[in-house]
Amino acid sequence: MALYEHVFIARQDINASQVEGITADFSKIIEENDGKVAKTEYWGLKNLAYKIKKNRKGHYVLMNIDAPHAALAEMERQARLHEDVVRFMTIRVDELEEGQSIVLRSKADKERRGPRDRDDRGDRGDRGDRGDRRGGKREAK
């Protein structure tokens, strides 16, 4: 069987429990067709780069799948028909990522660091004289 990463975006006006229901439906389709869902991650409600079907935000979900192509094709067919799924993308990978994805790791890092303050840029040292800031276009008198 092949390994896949499948990410889908659900509409902004549904709640997280409905997104979990969609994820469960997709997982059931995979398992009925002799596949296995290794991991699912809910990435949360995020801003979209541009409007998609009048939505500015979307619920992002990642699924790591170990399944035959037929199972994946059926899940993608159901995703196209589902009215709450705005976009999806499936990529075949050589191996599935263990542990949290990079999205959740970076989210945890941001929460651990806390609110950003001006002192987090580190020591900038003595920068010296920056010279004339007008671009050197002063007229001599």
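The values are calculated or read from the model by the stated rules, or taken from the named source; none is laboratory data. Keep in mind the model is a prediction, meaning the values are calculated, not measured. When we count neighbours, we look across all protein chains shown, and the Cβ atoms used for this are built from the backbone with ideal geometry, even at glycine.
Checked against the criterion of being in a strand (DSSP E or B) and either more than 12 Å from the chain's Cα centre (by Cα) or at positive phi (or both), segment 11-22 contains one or more residues that satisfy it.
Criterion first (assigned to a strand (DSSP E or B) and at pLDDT 95 or above) does TYR60 satisfy it? Against the criterion (assigned to a strand (DSSP E or B) and at pLDDT 95 or above), TYR60 qualifies. Among the residues of segment 84-118, those identified as over 17 Å from the mean Cα position of the chain (by Cα), on the phi < 0 side of the Ramachandran plot and free of Cβ contacts under 8 Å to residues at least 12 places away in the same chain are ARG112, ARG113, PRO115, ARG116, ASP117, ARG118.
Any residue that is under 13 Å from MET1 (Cα atoms), touching a residue at least 60 places away in the same chain (Cβ under 8 Å) and part of a strand (DSSP E or B) - is there at least one of those in segment 27-36? No: zero hits.
Residues that are surrounded by 19 or more Cβ atoms within 10 Å (Cβ to Cβ) and within 12 Å of ALA10 (Cα to Cα) within segment 63-85 comprise ALA79, VAL85, listed in sequence order. In the set (1) at pLDDT below 95; (2) buried (at least 19 other Cβ atoms within 10 Å of the Cβ); (3) under 19 Å from LEU104 (Cα atoms), HIS6 fails one condition alone, (1).
Restricting attention to segment 19-54, the residues being of a type in the set (Val, Ile, Thr) and out of contact with any Ser or Thr (no Cβ under 9 Å at 6 or more places or on another chain) number 5.
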